[in-house]
1. Does the stretch 14-28 include one or more residues that are more than 30 Å from Ser126 (Cβ to Cβ), surrounded by 13 or more Cβ atoms within 10 Å (Cβ to Cβ) and β-branched (Val, Ile, Thr)?
2. Name every residue in the stretch 113-147 that is farther than 18 Å from Glu90 by Cα, under 19 Å from the mean Cα position of the chain (by Cα) and assigned to a helix (DSSP H, G or I), in order of residue number.
3. Restricting the first residue to the stretch 95-106 and requiring it to be without any contact (Cβ under 8 Å) to a residue 40 or more places away in the chain, which pairs with a second residue that is crowded, with 21+ Cβ neighbours inside 10 Å and not small (Gly, Ala, Ser) meet a Cβ separation below 9 Å and a spacing of at least six or different chains?
4. Of the numbered conditions (1) farther than 19 Å from Val58 by Cα; (2) among the aliphatic types (A, V, I, L, M); (3) in contact (Cβ under 8 Å) with a residue 24 or more places away in the chain, Val112 satisfies every one except a single condition; which is it?
Amino acid sequence: MDYHKRVRAVAEKDVQNRVLGELLKIAKKYNKPVVIHSRYAWRDALSLVEEAQIEKAVFHWYTGTSSVLRDIVNDGYCISATPAVEYHEEHRRAVKEIPLDRLLLETDSPVVYRRGSEFEYEARPSDVLRSLRGAARLKGVSEVRLAEITTGNALKFFGLRD
């Protein structure tokens, strides 16, 4: 769900809510984890995930409020760190606040990252190292340790190990 005005010009909130609700029903039916995009729609997206009784959800590139983040954690869900952890203050705050056992790493590839007129680049899968380095600095742990933790979190999240 994306409540940015450019997205809402194409798909209003009610349409987005209805579509995500239907997708969550499918995920629940087949017991699949979900990856949630929720720009400016953090509370609504979380509410839909809760209503669908989804067991595993990751809120990717989370930039929302601390209160919704606390509810994400309390519900047993995760967030993911992207290369934006190098510069995006809201994302940095969320990564600082999330417990290590609820953190995943990603690149959002092939998104184009922009920071004003300062830089622009298209993310590649190898940029997960940027996510790792930035998150490790924020969490005050070594890159090796964070890689071990987040790999374990991903294996558990996607059901790739017991």
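None of the figures in this text is laboratory data; all of them are computed from the coordinates on show. Given the structure is predicted, the values throughout are model-derived calculations rather than measurements. Note that each Cβ is placed from the backbone with ideal geometry, even for glycine, and that neighbours are counted across all protein chains shown.
1. no
2. Pro125, Ser126, Asp127, Val128, Leu129, Leu146, Ala147
3. Glu97/Leu69; Ile98/Tyr62; Ile98/Leu69; Ile98/Ile72; Ile98/Cys78; Ile98/Ile79
4. It fails just one condition, (3).
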